[in-house]
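**Q** Mind having a look at this structure? Questions to follow.
The values are calculated or read from the model by the stated rules, or taken from the named source; none is laboratory data. Computed from a predicted structure; not experimentally measured. Virtual Cβ from ideal backbone geometry, glycine too; neighbours counted across all protein chains shown. Heads up: the accessible areas ignore ligands, DNA and RNA and are worked out on the full protein's heavy atoms, side chains in. Shrake-Rupley method; radii C 1.70, N 1.55, O 1.52, S 1.80 Å.
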Amino acid sequence: MSGIVGSYFNTRGSGVVAKLGTDGQVFTSTGAGLSQGFEAAAGGGKVLQVVHMAKTDATQATATASWSDVSGMTATITPTASDSTILVTVSANVATDEQHSAWKIVDGSGSDITDFIGDADGSRPRSSSTLIYDSTDSQGENQALTFKDSPASTSAETYKMQWRTSSGSHVLSINCSSTDGDSAAGFRGVSTITLLEIGA
């Protein structure tokens, strides 16, 4: 193989690339039947920033048939570009003492995020997930959900967790069991919200 060693590249059987690239370009094919060259790297799909929060304390609250915020389960991100996508991942250790309970993720004003709740159907409450009720031990369970949001804005975007029951007042718990006994069975957990800004 003949070639040039120095400020130019040589590729086997395809000749010499007659120029050098500039900062940020990649060495690539320029098309079928054409010689290699330098072009801008493909855009999109890059993680531009990550925001992560972890709630390590346990909270028990008396919830009702109305949605209320879960203490400490809030995260805010300010997109760097209006065409970015926000990937939201929630991991929640939750428990309930009432079999008809649920939770959801809403925006900072408390409004529903359409792509992260179930469809409207009669008088059924729309939620991101339901809580599992186990009358034998009232232990909590981890629920992990991921969704994407397209806020089309460079303003701060807040995501927060809310919960509710179907009727009456019942105890809802996060990072502990419903009974929260001080024993080897009284486990403590951690709940998180992670926000990734993905470039267009």
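**Q** For segment 149-161, state whether one or more residues are out of contact with any His (no Cβ under 8 Å at 6 or more places or on another chain), within 12 Å of Val94 (Cβ to Cβ) and at pLDDT 95 or above. Steps first, answer last, please.
**A** We begin by selecting, within segment 149-161, every residue out of contact with any His (no Cβ under 8 Å at 6 or more places or on another chain); these are 149-161.
Going one step further and asking which of them are within 12 Å of Val94 (Cβ to Cβ), we end up with 161.
Then drop every residue that is not at pLDDT 95 or above, which leaves 161.
Yes.
**Q** Still on this model: Could you list, in sequence order, all residues of segment 109-136 that are assigned to a loop (DSSP other than H, G, I, E, B) and among the aromatic types (Phe, Trp, Tyr)?
**A** Here is the first cut: in segment 109-136, the residues assigned to a loop (DSSP other than H, G, I, E, B) are 109-111, 113, 117-120, 122-123, 125-128, 131-136.
Selection gives Tyr133 alone.
**Q** Here is a follow-up. Which numbered condition trips up Glu197, out of (1) in contact with a Pro (Cβ under 6 Å, 6 or more places away or on another chain); (2) without any contact (Cβ under 8 Å) to a residue 40 or more places away in the chain; (3) among the charged types (D, E, K, R)?
**A** Failing condition for Glu197: (2).
**Q** Related question: Return a yes/no flag: does segment 92-104 have any residue that is surrounded by fewer than 16 Cβ atoms within 10 Å (Cβ to Cβ), over 21 Å from Gln143 (Cα atoms) and in contact (Cβ under 8 Å) with a residue 24 or more places away in the chain.
**A** Restricting attention to segment 92-104, the residues satisfying the condition of being surrounded by fewer than 16 Cβ atoms within 10 Å (Cβ to Cβ) are 99.
Subset that is over 21 Å from Gln143 (Cα atoms): none.
Among the residues of segment 92-104, not one is surrounded by fewer than 16 Cβ atoms within 10 Å (Cβ to Cβ), over 21 Å from Gln143 (Cα atoms) and in contact (Cβ under 8 Å) with a residue 24 or more places away in the chain, which makes the answer no.
**Q** Go through segment 29-56 and give me each residue that's at pLDDT 95 or above and over 21 Å from the mean Cα position of the chain (by Cα).
**A** Of everything in segment 29-56, nothing turns out to be at pLDDT 95 or above and over 21 Å from the mean Cα position of the chain (by Cα).
**Q** Moving on to the next point. Kindly indicate the residue of segment 147-179 that is part of a strand (DSSP E or B) and over 17 Å from the mean Cα position of the chain (by Cα) and also farthest from Ala58 (Cα to Cα) among those meeting that condition.
**A** Here the residue is Thr165.
**Q** Next question, about the same structure. Looking only at segment 49-82, which residues are in contact with a Ser or Thr (Cβ under 6 Å, 6 or more places away or on another chain), open to solvent by less than 80 Å² (accessible area, probe 1.4 Å) and over 28 Å from Arg124 (Cβ atoms)?
**A** Matches in segment 49-82: Ala54, Lys55, Thr76, Pro79, Ser82.
**Q** Look at segment 180-200 and say how many of its residues are part of a loop (DSSP other than H, G, I, E, B) and crowded, with 17+ Cβ neighbours inside 10 Å.
**A** Residues that pass the stated criteria total 2.
**Q** Moving on. Could you list all residues from segment 5-28 that are open to solvent by less than 60 Å² (accessible area, probe 1.4 Å), at negative phi, part of a loop (DSSP other than H, G, I, E, B) and modelled with pLDDT under 70?
**A** Ser14
**Q** When you check Asp107 against the structure, is it in contact with a Phe, Trp or Tyr (Cβ under 8 Å, 6 or more places away or on another chain), open to solvent by 70 Å² or more (accessible area, probe 1.4 Å) and closer than 26 Å to Val47 by Cα, yes or no? Outline the logic, then answer.
**A** Numbers: in contact with a Phe, Trp or Tyr (Cβ under 8 Å, 6 or more places away or on another chain): yes; open to solvent by 70 Å² or more (accessible area, probe 1.4 Å): no; closer than 26 Å to Val47 by Cα: yes.
Answer is no for this residue.
**Q** So Arg124 fits all but one of (1) out of contact with any Leu (no Cβ under 7 Å at 6 or more places or on another chain); (2) of a type in the set (Lys, Arg); (3) touching a residue at least 60 places away in the same chain (Cβ under 8 Å); what number is the exception?
**A** (3)
**Q** Select from segment 149-170 the residues that are over 15 Å from Val51 (Cβ atoms) and surrounded by fewer than 20 Cβ atoms within 10 Å (Cβ to Cβ) and list them in ascending order.
**A** Correct list: Ser150, Ala152, Ser153, Ser166, Ser167, Gly168, Ser169.
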